[in-house]
Amino acid sequence: MTRPIALVTRIDRKGEEDWLALLRERLPAETILPFDAMSDSQRAEAEIAIVANPDPDHVRQLPGLVWIHSLWAGVERLVAELGETAPPIVRLVDPELSRVMAEAVLAWTYYLHRDMPRYLAQQREAVWQQQDYRHPSTVRVGLLGLGELGRASAARLLDAGFQVAGWSRSPKEIEGVETVSGDTGLATLLGTSDIIVCLLPLTAQTRGLLNRATLEKAKPGASLINFGRGPIIVDDDLIALLDEGRLDHAVLDVFATEPLPAEAPFWRHPKVTVLPHISAPTMPETAASIVAGNIESYRATGQLPPVIDVRRGY
């Protein structure tokens, strides 16, 4: 008989029950129990935990854990709260998540490319004025981050006819994409991109990466989309550069504090579009199937799925 699997979350009861139903449906041979419903002996026996923003104290009450499977793709909060002594962590790698993110990148690139913020401002002032059309082939989109999300987004942008460049910390090659790396490459990408799209994970190296010093290197009048993590941007520096006209517009889907507080200046800034973290939501049906497949493989082979590098944060 296999050991029980712990489901450890800080999501609402309805959400946890929905996840539990999906996981049990896909893993009928397993005993999957919410942490609160587990006895002391079951907690001691569990070697796998499926987690979504878990209380770290609850994870520490599972002394027999061999590995942890996150239901989210982003794991920086999990790493920060559990620390380097945590069991190996597997993050969600879902092709559907990549597709949804690429869809969002293309949609909001079009939003900026077709001057939607300017037309919205004109509507508020009852101004009837056509803006000049730019063909996608004349617009350069620079992607910060060339992992799975970046690669999927690059493919969608190329299909739509945009010029695409990409930056990563270490050199990478993607067909049709001009790739750069390192500090010099970052300055090059920022200085030549009309629209900058951030898809980076939050790590010690990326926290505060987009500050005044780096963003001042951006092409004058460039726009920014942040679908990575909020703390990658220094908020006050971004607002200053928007106010000064160095940057044209920012589409922000992620923030240091979420939900974004009502008093936050982004809400009312005329050059900012605020989104409520909707760029790439986890799709429970496909995510549950991927988690189930990883657990079934582990049961059959004893081999862990690919785990994150805790020191790198992803």
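The values are calculated or read from the model by the stated rules, or taken from the named source; none is laboratory data. All of these numbers come straight from a predicted model, not from anything done at the bench. Cβ: placed from backbone, ideal geometry, glycine included. Neighbour counts: every protein chain shown. We work out accessible area using only protein heavy atoms, side chains counted, and drop any ligands, DNA or RNA first. Shrake-Rupley method; radii C 1.70, N 1.55, O 1.52, S 1.80 Å.
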Next item on the list: Report, to the nearest 10°, how far helix 13-26 tilts away from the longest principal axis of the Cα atoms in the chain, using its own Cα long axis and a range of 0 to 90°.
Entry: 70
Notebook entry, point to check: Among 85, 53, 210, whose Cα lies farthest out toward the positive end of the dipole of the chain, if unit charges sit on the beta carbon of Lys, Arg (+1) and Asp, Glu (-1)?
Noted result: 210
Margin query: Show me the chymotrypsin sites (Phe, Trp or Tyr not before Pro) within segment 97-171 that DSSP assigns to loop and that have at most 15 other Cβ atoms within 10 Å of their Cβ.
Written below: 128, 133
Note to self: Quick check: the distance between the Cα centres of segment 89-114 and segment 126-192, to the nearest angstrom?
What the structure shows: 14
Note to self: Given segment 96-274, report the % of alpha carbon pairs whose separation exceeds 22 Å.
What the structure shows: 42
Next item on the list: Report, to the nearest 10°, how far helix 182-192 tilts away from the longest principal axis of the Cα atoms in the chain, using its own Cα long axis and a range of 0 to 90°.
Entry: 40
Note to self: Which residue, 230, 184, 116, has the largest displacement toward the positive end of the dipole of segment 96-274 when charges sit on each Cβ (Lys, Arg +1; Asp, Glu -1)?
What the structure shows: 184
Checklist line | Computed accessible area, residue 12, all protein chains, 1.4 angstrom probe, square angstrom | finding: 100
Margin query: I need the peptides 229-237, 294-302, 256-264 ranked by packing, meaning the mean over residues of other C-beta atoms within 10 angstrom, with the highest value on top.
Written below: 229-237, 294-302, 256-264
Note to self: In 20 Å bins starting at zero, report the fraction of Cα pairs in the chain per bin as a rounded %.
What the structure shows: 30, 51, 18, 1
Next item on the list: For segment 156-173, just list the computed ³J(HN,Hα) in residue order, Karplus coefficients 6.51, -1.76 and 1.60, θ = phi - 60°, integers in Hz, with x standing in for Gly and Pro.
Entry: 5, 5, 5, 4, 7, x, 7, 6, 10, 10, x, 10, 9, 5, 10, x, 9, 10
Item checked: Cα-based shape type of segment 187-281, given that a ≥ b ≥ c are square roots of the gyration tensor eigenvalues and the cut on a/c is 1.5 -> oblate
Check: Given 44, 75, 139, which one lies farthest toward the positive end of the charge dipole of the chain, if we put +1 on the Cβ of every Lys and Arg and -1 on the Cβ of every Asp and Glu?
Finding: 139
Note to self: Give me Rg/Rg_expected for segment 68-199, where Rg uses Cα atoms only and Rg_expected = 2.2 N^0.38 Å with N residues.
What the structure shows: 1.28
